[in-house]
Structures are given as structure tokens and as C-alpha cells.
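**Student:** Here it is, the structure, as C-alpha cells.
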Amino acid sequence: MTHKELENIIPSLRPHLIRVGYDFFADMAKAEDVAQEVLMRLWLTADRIDPDIGITPLAVRMAKNYCVSEWRKQKHKPPVMQPEALAAKPNNSADAMERMIETEEREKLKNAIGNLTATEQRLIKMRYDEEMDIGQITKATGITPRSASSMLSMAKKKLKKIWRKGEENE
């Protein structure tokens, strides 16, 4: 399958992928991430996809597999306490320790983001700090939606890699 053929199919695939992600996580942001990740993987492997097979079932299967993989990763991570939850609890030594750990985690994340390129930092900030969707990012930066999605996905992967490397060094 050529990239041009895939470009024509993406608009019809995206809603299916978002639905799979939303059905799995019940979170629209995660559903968007699922769609972005699967579309990026399809884009990278387009030349190996047989156009005679149904691309929609393949993409849906990839989305389901990705959801399960992400769920398994989350299942093994301890939940991060939100600042509101910390403020609501009475002050004791265990709470102080949790706040200290959360502060350290925020610092680690800030340092990890600092290792990204300026463009990657800007895209991450727009998407997660300013909670902009891809359309808004596209309008603000002039980058095409496909490029913005791809760049954001690659920045997230790079950030995960930096984060894991930091955990290994501890």
C-alpha cells in the first residue's frame, strides 16, 4: 500500500480507532493517543501492507493490541496522587513522604522534557499543559495535522525512553 492510498483511508479509519480507544479507556485523550499511535504505525509500515486485505480490521486489531499493552503498563505502575488529593488529606509523615515523592517525580519529568528539542517541548506543552487538540496545534504552529500527530507521538516515545533511562540510573 502506498502512503497516498493510506492518506485517503485515514479519515475513515480514525473514528474507528478513537472508538476502540474510548471503549477501552473511557478517556478521550487516551483514545486520541491510541488513534495517533496506530496511524503512525500504519504509516511507518504502509509499504508492507497488502492493499487486498481489509485495512480497517487490521487497524482495529492494532488498536486493541495497543490498548492492552498500555493497560498492562499502567497496571504495574503505582498510582500518582493528584495535588488536590494530597491537600485534602490530613498532614502526617506518610502524606509528607507522598508529597516529596510527587515533587521528585515532577522534577524528573521537567528534566526529561528539558532533554527534548525545542519543537518537541513546545508540542508537548501545547498538548498536555495547554490541553490543545491536534487541530488547535496545527492552527497555532502551521504544521500539517499528520506531521503534528507524528511529531507529538515521536516526542512522547523519546520522553518515555528518557524517563526509563533515568529510572535505570537510580
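The values are calculated or read from the model by the stated rules, or taken from the named source; none is laboratory data. If you're wondering where the values come from, they're calculated on a predicted model, not measured in any experiment. Note that each Cβ is placed from the backbone with ideal geometry, even for glycine, and that neighbours are counted across all protein chains shown. Please note that ligands, DNA and RNA were not included when accessible areas were found on the heavy atoms of the full protein model with its side chains. Shrake-Rupley method; radii C 1.70, N 1.55, O 1.52, S 1.80 Å.
**Student:** Thr103 - would you say it is part of a helix (DSSP H, G or I), without any contact (Cβ under 8 Å) to a residue 40 or more places away in the chain and under 18 Å from the mean Cα position of the chain (by Cα)?
**Tutor:** no
**Student:** Just the residues that are among the hydrophobic types (A, V, I, L, M, F, W, C) and modelled with pLDDT under 85, please, taken from the range 52-67.
**Tutor:** Ile53
**Student:** Okay, moving on. Looking only at the range 122-165, count how many residues are open to solvent by less than 70 Å² (accessible area, probe 1.4 Å), part of a helix (DSSP H, G or I) and free of Cβ contacts under 8 Å to residues at least 12 places away in the same chain.
**Tutor:** 3
**Student:** What do you reckon, is Thr117 over 18 Å from Val34 (Cβ atoms) and surrounded by 12 or more Cβ atoms within 10 Å (Cβ to Cβ)?
**Tutor:** It is false that Thr117 is over 18 Å from Val34 (Cβ atoms) and surrounded by 12 or more Cβ atoms within 10 Å (Cβ to Cβ).
**Student:** Can Ser153 be described as within 13 Å of the chain's Cα centre (by Cα) and within 24 Å of Leu42 (Cα to Cα)?
**Tutor:** On the way: within 13 Å of the chain's Cα centre (by Cα): yes; within 24 Å of Leu42 (Cα to Cα): yes.
Here the answer is yes, as Ser153 does meet what is asked.
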